[in-house]
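One structure below.
The values are calculated or read from the model by the stated rules, or taken from the named source; none is laboratory data. Nothing here was measured: the structure is a model prediction, and the numbers come from that model. As a convention, Cβ positions derive from the backbone with ideal geometry for all residues, glycine included, and neighbour counts pool all protein chains shown. The protein model used for the area step is the full one, side chains on, heavy atoms only, and it has no ligands, DNA or RNA in it. Shrake-Rupley method; radii C 1.70, N 1.55, O 1.52, S 1.80 Å.
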Amino acid sequence: MKQPSVWLAVFMLHSAVAVTPVQKVIQLLENMSGKGKKEKHEEQVQFAAFKQFCDDTAVEKERAIKQATEKIEMLKADIQKYISDAEQLTKEIAGHDGDISAWTGDKKAATKVRTMEKNDYDAMHKDYSESVDALQRAIGILEREMSKHGASMMQIRNAGSLEKTLQLLVEASTLTSADAKGIQALVQTQQSSDDGEMGAPDPAVYKGQSGGIIDTLGDLLDKAETQLADVRNKETASLHEFEMLKQSLVDQIKYETKELDEAKTGIAASNEKKATAQGDLGVTEKNLDEDKNALASLHHECLTKAQDYEAETKSRGEELTAIATAKKVISESTGGAADLSYGFSQTSFLQRSQSPGFQAVRFLRELAQQQRLPALAQLSVRMDAAIRGSDDPFAKVKGLIQDMLERLQKEAEADATEKAFCDKELAETRAKKDDKTTEIKKLSTKIDQMTSRSAQLKEEVAELQKGLSALTKAQAEMDKIRLEEKEAYAKAKVEMEEGIKGVQLGLKVLRDYYAKSDKAHAADEGGGAGVIGLLEVVQSDFSKGLIEMTSTEEGAQSAYDQQTKENEIEKATKEQDVKYKTEEATGLDKANAEATSDRAGVQEELDAVLEYLKGMEDRCIAKPESYEQRTARREAELAGLKKALSILESETSFMQKTKRTLRGAK
């Protein structure tokens with residue numbers, strides 16, 4: 001709408017018609033009123049935009065403050081958790097250090113005791129071995145002498161080896177005092193007998209005396225061998241017990257050391273997370289303070305602006321009221337005085353035709369044709385008719401002008417109101433579009449992150465489950481091998497024990513037989529001694545093999561138990577990881593579904609906003625005039641021009657007839 005040209009034409013027309021001072025005053029008041037209303041409307045639009053800015057900014061700052069406050073609470077809780085974790089791990093480290101120190105001390109003490117036991121064993125083994133050897137040599141000497149029967153006791157007495165052997169037995173530390181006294185008595189009896197009988201001894205007497213010594217020495221030999229076997233068995237049991245204790249302590253120290261290292265690593269991780277959280281806390285608190293200060297400044301600024309706007313609105317309203325009141329009073333009270341003072345009723349027709357009114361009509365018509373303003377063209381036609389056909393053309397023209405002014409003012413106000421509405425709605429709708437678009441982008445980013453994290457967790461869970469499957473398979477294989485080894489050991493142990501018992505029984509039978517003195521034939525004493533010696537070697541080998549077999553089995557069982565324990569720990573750790581990662585992935589999938597639903601809802605809102613925005617743009621954004629609109633407007637203007645031309649032609653015909661009548665009367 002070409003309002004400036006319209007107003008210019010109206011004001012020029014109003015000035016062109018004979019205007020009285022009263023009319024000029026009213027015109028000025030109307031101009032002031034229009035200007036005030038326009039400025040008031042502009043201020044309303046500006047304040048509405050500023051208020052919207054205040055509301056949007058306040059909402060944004062309050063949301064930022066709420067988010068920062070929640071984040072600060074979370075960070076403080078995280079920091080406290082990290083501190084608590086570090087303190088708990090510190091206590092655990094102290095406990096691990098104490099356990100490791102105690103077990104290390106136990107290991108050293110056990111090693112020391114074991115060293116002492118080994119030294120004692122070596123000494124006792126040496127004494128028993130020497131005693132057994134001496135007894136065997138003594139018995140051998142006596143048995144050889146007895147087989148001769150013709151030797152004199154003087155020859156036996158002079159046998160230095162026998163006397164020396166018996167003396168060594170008496171002095172042996174492994175013999176009890178009773179055994180030593182018995183041997184000493186036998187020796188003294190033998191010497192006394194030899195001193196009393198200087199001749200050859202009676203064979204029966206010699207045999208009886210020698211047999212008593214051999215039996216005594218045989219008993220001592222059996223006792224010494226039994227004690228030697230007991231010492232060896234005790235040493236084997238002590239060594240095995242020590243190895244088991246040592247392995248247990250080593251395993252415990254190894255496990256505690258691993259737990260200690262993990263606790264130290266946990267403390268380092270907790271401290272690192274705490275430092276990161278403290279840094280984030282400082283930044284967040286700083287941002288929170290800035291947002292609070294900004295919100296306070298915004299409230300102050302918006303409140304001040306609202307107070308100023310309220311005062312300005314009140315003042316402008318009072319001004320418009322005063323202008324309207326003055327206009328009403330002047331219009332209602334000065335009509336008669338104006339007609340009496342400035343009336344045009346005596347003006348001649350010729351003066352009218354040459355008056356500024358007709359000039360204004362011509363100007364208005366030309367302007368309407370140039371600017372293509374149908375409203376002005378129609379107005380010029382009505383004015384021309386009013387000036388030509390009315391006795392009071394001023395009043396008629398004044399009415400036309402007043403109607404035109406009011407209509408144009410209403411149209412201007414309507415246009416201004418529409419523009420403010422369009423500006424406000426377009427701004428708000430575009431802001432909503434931007435907000436929804438940003439929200440969709442944020443939700444999409446969040447969905448992508450959760451989807452990626454969920455996929456990563458599921459891959460990790462799959463790897464953990466593969467590891468658990470492999471671990472279970474390996475444990476089953478270990479169980480199978482351990483069972484087979486244990487069964488083989490049990491079978492071999494029974495066989496070895498039966499072998500040892502058989503060898504011991506064989507030794508006993510042979511020793512008992514060859515120890516008899518009433519054999520009816522010449523027994524193979526040498527062969528028997530060789531067999532006995534060989535059986536003793538076999539017994540020793542069997543015992544040693546059984547000990548080694550037992551040690552191997554115990555070591556294998558210990559290694560199996562340790563590996564099984566480690567597998568159980570690893571299995572429990574992986575199962576917990578699978579549980580927590582699965583729960584986290586499930587939570588992420590649920591949150592992802594919720595976020596996807598939220599995004600769909602926001603998308604629907606955005607679609608609605610876009611549809612509304614398109615409607616507002618179609619309504620508020622001006623578009624070029626179409627051909628049909630231009631044709632319709634042009635036809636309306638032509639119709640108006642034809643009507644005006646018809647009126648002018650009829651007026652011209654009337655004037656010509658009037659002139660001819662006047663000329664004929666003369």
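Once the Cβ-Cβ distance between Thr445 and Thr596 is put in as r, and R0 is 22 Å, what FRET efficiency do you end up with, to the nearest 0.05? Can you show the working numbers first?
Numbers: r = 13 Å, r/R0 = 0.58.
With R0 = 22 Å, the Cβ-Cβ based efficiency is 0.95.
When Rg and Dmax are taken over the Cα atoms of segment 481-628, they come to 45.8, 158 Å. Give me the base-10 log of I(q)/I(0) for segment 437-552 at each q in 0.09, 0.12, 0.16, 0.19 Å⁻¹, Debye formula, one uniform scatterer per Cα, rounded to two decimals. After summing over all Cα pairs, the log10 values are -0.57, -0.72, -0.90, -1.01.
Label-to-label distance for Ala474 and Ala559 is 1.5 nm, based on points extended 7 Å past Cα in the beta-carbon direction. Each residue of segment 56-71 was assigned a 3J(HN,Hα) from its phi angle through the Karplus curve 6.51 cos²θ - 1.76 cosθ + 1.60 (θ = phi - 60°); the sequence is 5, 5, 5, 4, 5, 5, 5, 5, 5, 5, 4, 5, 5, 4, 5, 5 Hz, with glycine and proline shown as x. For the cross-link pairs Lys66/Lys91; Lys35/Lys614; Lys258/Lys466, the ones whose C-alpha atoms lie over 29 Å apart are Lys66/Lys91; Lys35/Lys614. Please find the FRET efficiency linking Asn233 to Lys112, where r is the Cβ-Cβ separation and R0 is fixed at 22 Å, and quote it to the nearest 0.05. My answer for the efficiency is 0.45. Backbone phi angles across segment 99-115, fed through the Karplus curve with coefficients 6.51, -1.76 and 1.60 (θ = phi - 60°), yield HN-Hα couplings of 5, 5, 5, 5, 5, 5, x, 4, 5, 5, 5, 5, 5, 5, 4, 5, 5 Hz in residue order; Gly and Pro are listed as x. Once the chain from Ala77 to Asp55 is taken as fully extended at 0.36 nm per residue, the excess over their C-alpha distance is 4.6 nm. Solvent-accessible surface of segment 474-562, averaged per residue with a 1.4 angstrom probe and all protein chains in place: 64 square angstrom.
Summarise the accessible area of segment 422-579 (1.4 Å probe, protein heavy atoms) by the percent that is carbon and sulfur. On segment 422-579, the fraction of accessible area on carbon and sulfur atoms equals 57 percent.
What FRET efficiency comes out for Glu459 versus Lys91 if R0 is 35 angstrom and r is the Cβ-Cβ distance? Round to the nearest 0.05. FRET efficiency, Glu459 to Lys91: 0.45.
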